[in-house]
Amino acid sequence: MALIDTGLSRDTRATFQEIMGELERVSGIIDNLLSLNTLTRPERMQFKNLDLVPLAERALAQHKLLARERGIRLRLRAGANSIAWANPTAVEQIMVNVVKNALLYTPSGTNGTVTLRTAVAADNRVLFEVTDTGIGIKPDDLAHIFEPFYRADISRTRLITKTGSGLGLTIAHEMARAMRGEIAIQSKRNRGTTVSLLLPAGGFRRAGVSLGKADSPEVQDTSDNLGARENGQRSGAL
């Protein structure tokens, strides 16, 4: 409320804004810890046939302002039939964490790009992928990237000191495992990073594997929301 006052001194306003930033960071840590606690009981997760495209579009919309502030272009390349057998909340949180990381690790003012892609993958799986043109990750750090509170080299840490919790990729990794999926990272220094999430394709349940309480696994008619997409692909930018 105090920040509404236009008569605040510069130093006082800066202090209040720093407090607000810290509160937002702590709130993010609490949310991530609650999510991590939920993952210790994956049998409680609800599974359903899930179109990844609307979730990817929502993740882009949520980060539109951050991308604009940093001068980074957001793009979506959505493939048809990107239907996963997964938990909607878990998938959305993975997308949000990965997209935010991509934006934060792409330096502002460099005409950078963050591209999201959904597609059908091999072995009855579907893919959600985020590629950035950021600073990349050192090979030595990749082996530890999913560890809680792990921070890579100082050049990466400096970019997100005030905004990162150190839990985003840990949460994404554990959520992927809970949904019988996997997440992988490929990166080259000063050229960018690609984070790939692979999930079981929708419309079936893996034999002999219990995925928790779920809706009916039969194939659902998705013609309405997959719609007419040019050549089976849809690309967009926000």
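Quick notes on this one:
- Residue exposure sequence - Glu92, Glu22 - by fewest surrounding Cβ within 10 Å: Glu22, Glu92
- For Thr131, Thr6, order by how many other beta-carbon atoms lie within 10 Å, fewest first: Thr6, Thr131
- With neighbour counts taken as other beta-carbon atoms within 10 Å, the residues Asp132, Asp140 rank, fewest first, as Asp140, Asp132.
Only the coordinates and a few stated rules stand behind these numbers; no lab work does. The structure presented is a predicted model; accordingly, all values stated were derived computationally and were not measured. Heads up, the Cβs are rebuilt from the backbone with ideal geometry, glycines too, and the neighbour counts pull from every protein chain shown.
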